[in-house]
Structures are given as structure tokens and as C-alpha cells.
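Structure record follows, encoded as C-alpha cells.
The values are calculated or read from the model by the stated rules, or taken from the named source; none is laboratory data. Predicted model, so just to flag it, every value in this text is computed and none were measured. Positions of Cβ are generated from backbone atoms using ideal geometry, with glycine treated the same way; all protein chains shown enter the neighbour counts.
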Amino acid sequence: MKTLFGYFWRGCLVLAPVGITLYLGWWVIATVDQLLPIGIPGLGFIITVGTITLVGVLTSNVVGRAVVRRIETWLSRVPLVKLMYTSIRDLINAFVGDKKRFEHPVSVALSEARDLFVLGFVTRENLEPLKMDAHVAVYFPQSYNFAGNLLLVPKDRVTRLPASSGDVMAFIVSGGVSGLGKGQHALSMPPPPPRPPPADRTLLGLGPSDRE
């Protein structure tokens, strides 16, 4: 019975990531289709992806960038809209834009003994406007969360990490489970449950000691 339960639990661990991924994909497509009620399942999603791609193509040339700058200038004249737009724009650009900010992973020593560290990303090295030339701005993401903390850390406490920013981010967000060489396979197979020790048993499940 314990062996069957072990196999069942192993199947759950294998199917859960696949099922959750497929569900989220279906949810995104269904949500976009509701925004564009065309009547053909998936067509609204395809049109949305095509439109976004077309905008990316058009804004890759000089004319497109000029139009984007004109729109940004107009949005910056509205106080509340400016705050929302610039915050969202800078956050997206920090991860995937041309001016990435989370590309310098570091470890920060929390004590003078340097026996306890926290991982983060240097987002700004020049803090002269704050009169803190001996410090750098380090952003610390939180595990299993979309939040984080920004701290101004002394430069002598910061050490550059010889790893890619993507691996370090995955390591932090997953709580150390993924990233840095772990969780890189398409399907993570948990170890099989332990098999019972071999015994000379009959078809009824009785061994020599049971028949005595």
C-alpha cells in the first residue's frame, strides 16, 4: 500500500507542473478571446500577438521611435498618468528592455564576519545625488513573490557573482530550488519510491515466514 501511494505521489509531482502550465496558457487565451469576442476560439489571441509584434516592428525604426517619444511626452504632462506610466515602463525595461537593470547579480555580506549573505542585483552604482558615494543601490527580490526591497549597501559589503542574472533570479525567486544548474530539464522527475526488499513469496503474497 505504501508503494502504491508513493507512485501516486510521484505522478502528482510530475503532472502538477504540466497541468498548471497548460491551465495558465488556456486561461490567457480564453481571457484574450473574451476581450476580442470574434467567435473563433484562439483567433483573438492570435490577433493580439500579431498586433503586438507589428507594433514592435513599427517602433524599431526612426519614425516609430519618434512616435513613441511623442506619446511619452504627452503622457508625462498628466501628473497621475505620468507616475503610473513611468513606473510600469521602467519596471519592464529593467527586466527585458534595452536598458536592463537586473544584470549585475551580487552577494551582500550581512555581518563583518562574512558568514551570512543575501543575494540581489545592483541597480545603481552612482549615488552622488544622495551624497552616498561609498554605497550602491541593491535590489533584493523575494522568494515566491513579486515584491522586493531596495537597500543602499556599502560597497565593501558587495561581491559580484560569476553567474548569469537569469540563473540568480531563478535561484532567488524559487527559494533555491531552481537556477544555478538546477531545474534546467524540461521535466523534473522525482526519485521513485523505495521498493520493498525481495522475498520468496507466492501469488497470494505469502512468504516462507508467513506459512509457518
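Observations on the model:
Residue-by-condition table, conditions (1) modelled with pLDDT of 90 or more; (2) assigned to a loop (DSSP other than H, G, I, E, B); (3) farther than 30 Å from residue 4 by Cβ:
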| residue | (1), (2), (3) |
| --- | --- |
| 118 | yes, no, yes |
| 121 | yes, no, yes |
| 144 | no, yes, yes |
| 163 | no, yes, yes |
| 171 | no, no, yes |
| 188 | no, yes, no |
| 197 | no, yes, no |
| 202 | no, yes, no |
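- Checked against the criterion of being at pLDDT 80 or above and surrounded by 13 or more Cβ atoms within 10 Å (Cβ to Cβ), the candidates 16, 66, 30, 94 yield just one match: 30.
- Members of the stretch 1-28 that are hydroxyl-bearing (Ser, Thr, Tyr) and closer than 27 Å to residue 46 by Cα: 21, 23
- Boolean, residue 159 is at pLDDT below 80 and either closer than 23 Å to residue 135 by Cβ or of a type in the set (Val, Ile, Thr) (or both): no
- Filter result (loosely packed, with under 12 Cβ neighbours inside 10 Å, free of Cβ contacts under 8 Å to residues at least 24 places away in the same chain and either β-branched (Val, Ile, Thr) or out of contact with any strand residue (DSSP E or B) (no Cβ under 8 Å at 6 or more places or on another chain) (or both)) within the stretch 103-144: 111, 112, 113, 114, 115, 126, 128, 129, 131, 133
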